[in-house]
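None of the figures in this text is laboratory data; all of them are computed from the coordinates on show. Being a predicted model, the structure only gives us computed values, none of them experimental. Glycine also receives a Cβ, built like all others from the backbone with ideal geometry; neighbour counts cover every protein chain displayed.
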Amino acid sequence: MTLNSLKTIKYLILLLAFHFNQICFAEDTQSPYLIILGIAQDAGYPQAGCYQKHCMKGWKNPTEQKSPVSLGLVDPKFKNKYLFEATPNLPQQLYKLDQNTLGLDYKLNGVFLTHAHIGHYTGLMFLGHESMGAQNIPVFAMPKMKIFLENNGPWSQLVNYKNIIIKPLKNKQTENLGSIKVTPFIVPHRDEFSETVGFRIEGPNKSALFIPDINKWSVWKQNLASMIKTVDYAFLDATFFAQGELPGRDMTKVPHPLVTETMNELKELSMQERNKVWLIHFNHTNPLLNQESKAREQVKAFGFNIAEEGLILFL
Ligand SMILES: [Zn+2]
Ligand SMILES: [Zn+2]
Ligand SMILES: [Zn+2]
C-alpha cells in the first residue's frame, strides 16, 4: 500500500468519526446539560498563602489550578444558560460556559446561590457597574440571602442599579424554567450571613442533587442514601478526605462530612447507586486533588466519581 492511499484511508476514518460525532450530538441537541465549571472549595486550588508541597504544584503549573465549585446548565430548547454559584472565578467560568454555547446567543437566565460564603456568591460583583454592567440578571436566592444582598454593599449596588433582579426562593418550592426544574432544600451549615441550601435539578430525562456545603450527614434530617436513589447524579460535599487533614486547626470548627464518612454512610448502596455520586468542593489539602493519590484509588474502587472541570452530564 502506498503512503498516499494510507493517508486517504486515515482521512476517511477521520471523516466518518466526525460525522458519527455529529449524529450523536444531534440526538442530544434538545437535552439540557450540566457542565462542571469548578470543583474546589471556596478558596480554590492552590490556596492563598499556601506553599506546601500539595499547593506548589498548582502555583508552578497554572493548568493544575482549580476554581471554586460551580455548575453551568445549558437549556438548548429555550436557548437559556444558568450558573449554580457565582464564584470569585466567575469570569473564567462564564467564558467556559459561553464557549460551550458559542455563537448560539444563549441568555444568562439565572444564577442560583446556595449561601453567603465567599466561594459561592462573591462572583456576583462581575455582573456590576465596574465589570459587565449586566441588566436584570435573575439571581435566585433564599430569604436571608436576599436580605443580605439587598442590605450590604457592594451587593446592594447590583440591586439598586438593576444589574441583578433577585428572585426569591422558598424551601422545597420548585422553580419551573423551560426544560428544567430547580428545587432548593435547606441543609445544616455555618449560617453566619444566610441560610444554606442544596438544589435538586431536574431535566426531562435525568435529575441531579447539588450539595456543595453541608455539616455532618448525621445532623441532617434527610437520609442521604434514600435521596440518592431518587436521582441520576449526586454532587456531594467532599471538602476533606479524612481526619487530621488540617494540622494545627480544629476540624470541628469547619464541620463537613469527611469523604471517609460519606463512604461509610453509603456503604449499603449498590455499586450502581454509588456510581451516581460525584465528589466536589475539595479543600486544597484534600488528597483527591492529587491524580496519583491512594485516596483517589480508594474512592474510585468504592464506586464514587471525582468531579472534573469541563465534564458534561445530560439531564
Ligand atoms: Zn463552600
Ligand atoms: Zn495548600
Ligand atoms: Zn460554606
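Could you tell me whether Lys294 is more than 19 Å from the chain's Cα centre (by Cα) and of a type in the set (Lys, Arg)? Yes. Within segment 283-307, residues that are free of Cβ contacts under 8 Å to residues at least 12 places away in the same chain sit with their Cβ atoms under 8 Å from residues that are away from ligand 1 (no atom under 16 Å from the Cβ) and in a loop (DSSP other than H, G, I, E, B), at 6+ positions apart or across chains, in these pairs: Arg296/Asn290. Beta carbons closer than 9 Å, at least 6 apart along the sequence or on distinct chains, pair a first residue in segment 209-236 that is closer than 14 Å to Pro257 by Cα with a second that is among the charged types (D, E, K, R) and in a strand (DSSP E or B) for Ile211/Asp237; Pro212/Asp237; Asp213/Asp237; Ile214/Asp237.
When only residues in segment 43-59 that are of a type outside the set (Ser, Thr, Tyr) and part of a loop (DSSP other than H, G, I, E, B) count, which is farthest from ligand 3 (Cβ to nearest atom)?
At the first step, the residues of segment 43-59 found to be of a type outside the set (Ser, Thr, Tyr) are 43-44, 46-50, 52-59.
So of that shortlist, the ones also part of a loop (DSSP other than H, G, I, E, B) come out as 43-44, 46-50, 52.
Details: Ala43: 11, Gly44: 14, Pro46: 19, Gln47: 15, Ala48: 17, Gly49: 19, Cys50: 19, Gln52: 23 Å.
Once the filter is applied, the top-ranked residue is Gln52.
Report the residue count in segment 68-108 for those that are part of a strand (DSSP E or B) and aliphatic (A, V, I, L, M). Total satisfying the criteria: 5. Beta carbons closer than 7 Å, at least 6 apart along the sequence or on distinct chains, pair a first residue in segment 92-115 that is over 22 Å from Pro62 (Cα atoms) with a second that is more than 16 Å from ligand 1 (Cβ to nearest atom) and among the polar types (S, T, N, Q) for Tyr106/Asn80; Lys107/Asn80; Asn109/Asn80.
Where strands (runs of 3 or more DSSP E) fall wholly inside segment 130-214, the ranges with 2 or more residues that are over 22 Å from Pro76 (Cβ atoms) are 137-141, 164-168, 180-186, 197-202, 207-211. When we screen Ala242, Ala234 for residues that are closer than 19 Å to Asn283 by Cα, surrounded by 16 or more Cβ atoms within 10 Å (Cβ to Cβ) and away from ligand 1 (no atom under 16 Å from the Cβ), the only hit is Ala234.
Does Met145 qualify as being among the aliphatic types (A, V, I, L, M) and either within 16 Å of ligand 1 (Cβ to nearest atom) or in contact with a helix residue (DSSP H, G or I) (Cβ under 6 Å, 6 or more places away or on another chain) (or both)? Steps first, please.
On the way: among the aliphatic types (A, V, I, L, M): yes; either within 16 Å of ligand 1 (Cβ to nearest atom) or in contact with a helix residue (DSSP H, G or I) (Cβ under 6 Å, 6 or more places away or on another chain) (or both): yes.
Here the answer is yes, as Met145 does meet what is asked.
Of all residues in segment 76-87, those that are within 15 Å of Leu313 (Cβ to Cβ) have Cβ atoms under 7 Å from Cβ atoms of residues that are hydroxyl-bearing (Ser, Thr, Tyr) and in a strand (DSSP E or B), 6 or more apart or on another chain, in Phe84/Ser70.
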